[in-house]
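I have placed the structure first, in the form of structure tokens, so that the comments after it can refer back to it.
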Amino acid sequence: MTPNLLFEALPPPLHVALFFSAFYFLAALITGIWKWRAMLGADNGRAHAYVDIAHHAALHYGPFILLAGVLASFWPFGETFPAWILIEISGWTMVLSLSRYISLGVRGAISNQLDKPTASARIGLIFFFFGSVLPGTSIAVGAIIGLWVGLPGKPF
């Protein structure tokens, strides 16, 4: 089976999730090198807080979006609302939050954006909630509903 046929056999939510997961994998590698270099140059051996956060975010977002893609494959409401749209929303939201962490790490000016939050930090939190938490919850609940139908017997 050729890689293209294998890819075409996957459900659409996994197509989108694999794209974002590959992006976050690459971002984790690049921010890992950045973090390592920053640690070598620091007197205390630690990278700036947002260099560290950017690296950890990239490491966490990849598996999250991949799991969301797998769960969205069981989405029972596909004819009404395709699940890949929720994966897109979550993926791009996390790209924006990762870019925010990277920009804060490059500037190196602050170590806690929520200590004295600016308007953009507050809007960013709201955007992250509506763009990542709500679609992720919707995907999880949809997957539970979709999987529940196929469970043998009465599980509870």
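Just so you know, all these numbers are worked out from the coordinates, no wet-lab data involved. Source: prediction; values computed, not measured. Here Cβ is always computed from backbone atoms with ideal geometry, including for glycine, and neighbour counts include all displayed protein chains.
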Name, by its number, the condition in (1) in contact with a Lys or Arg (Cβ under 8 Å, 6 or more places away or on another chain); (2) more than 24 Å from ILE30 (Cβ to Cβ) that does not hold for ALA47. (2)
Going through (1) over 30 Å from PHE7 (Cα atoms); (2) surrounded by fewer than 16 Cβ atoms within 10 Å (Cβ to Cβ); (3) of a type outside the set (Asp, Glu); (4) touching a helix residue (DSSP H, G or I) at 6+ places or on another chain (Cβ under 6 Å) one by one, TYR50 fails only at (2)
Could you give me the residue pairs with C-beta distances under 9 Å whose first residue belongs to the stretch 106-122 and is farther than 16 Å from LEU96 by Cβ, whose second residue is loosely packed, with under 12 Cβ neighbours inside 10 Å wherever it lies, and which are 6+ apart or on separate chains? ILE110/LYS116
Please report, ordered by residue number, the helices (runs of 4 or more DSSP H) entirely within the stretch 1-87 with at least 2 residues that are among the aromatic types (Phe, Trp, Tyr). 12-41, 49-72
What tally of residues in the stretch 53-88 results from selecting those that are exposed (fewer than 15 other Cβ atoms within 10 Å of the Cβ), without any contact (Cβ under 8 Å) to a residue 24 or more places away in the chain and more than 19 Å from the chain's Cα centre (by Cα)? 3
Starting from the stretch 31-49, take each residue that is in contact (Cβ under 8 Å) with a residue 60 or more places away in the chain and list its partners that are hydroxyl-bearing (Ser, Thr, Tyr) and in a loop (DSSP other than H, G, I, E, B), counting only C-beta distances under 6 angstrom and pairs at least six apart or across chains. ALA49/SER111
